[in-house]
Amino acid sequence: VQLQASGGGLVPAGGFLRLSCAASGSISNIRARGWYRQAPGKQRELVAHITTGGSTNYADSVKGRFTISITSASSVYLQMNSLKPEDTAVYYCNVDRGWYGSHWGQGTQVTVSS
């Protein structure tokens, strides 16, 4: 599985971005998809997670501002509204295929200016 993340950029506080992650290759047996982020000097953390059944889970810090969605078997999106400087990080998409492995995209930089 290859994952290509895009949509990052520089926005002012209060702005919005939409991240996209396109999967290619062997995209069968996907159990869940997620977006994670890693800020400088910090550990990678879960931002949002969605199962193939549509159940979602969000970090407390982004609830009500971010929305994860799937529009096809190969794509997952993260709509980020009301962005804050503390949202600044590299954002990574992930695909969980259970026994078949967990796959990561290359990351896309999100920078929110104050």
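The values are calculated or read from the model by the stated rules, or taken from the named source; none is laboratory data. Because the structure is predicted, anything quoted here is derived from the model rather than measured. Accessible surface is based on the protein model in full, side chains and every heavy atom, while ligands, DNA and RNA are left aside. Shrake-Rupley method; radii C 1.70, N 1.55, O 1.52, S 1.80 Å.
Details
- A 1.4 Å probe run over the protein chains yields, for the chain, 52 Å² of accessible area per residue, whole-number rounding.
- Binned Cα-Cα distances of the stretch 37-92, short to long, each 10 Å bin given as a whole percent: 21, 54, 23, 2
- Considering only alpha-carbon pairs that sit under 8 angstrom and 6 or more positions apart, the relative contact order computed for the chain is 37 percent.
- Beta bridges assigned by DSSP with both partners in the chain are antiparallel in approximately 90 percent of cases.
- The stretch 96-110 versus the stretch 60-87: alpha-carbon centroid distance in Å: 16 Å
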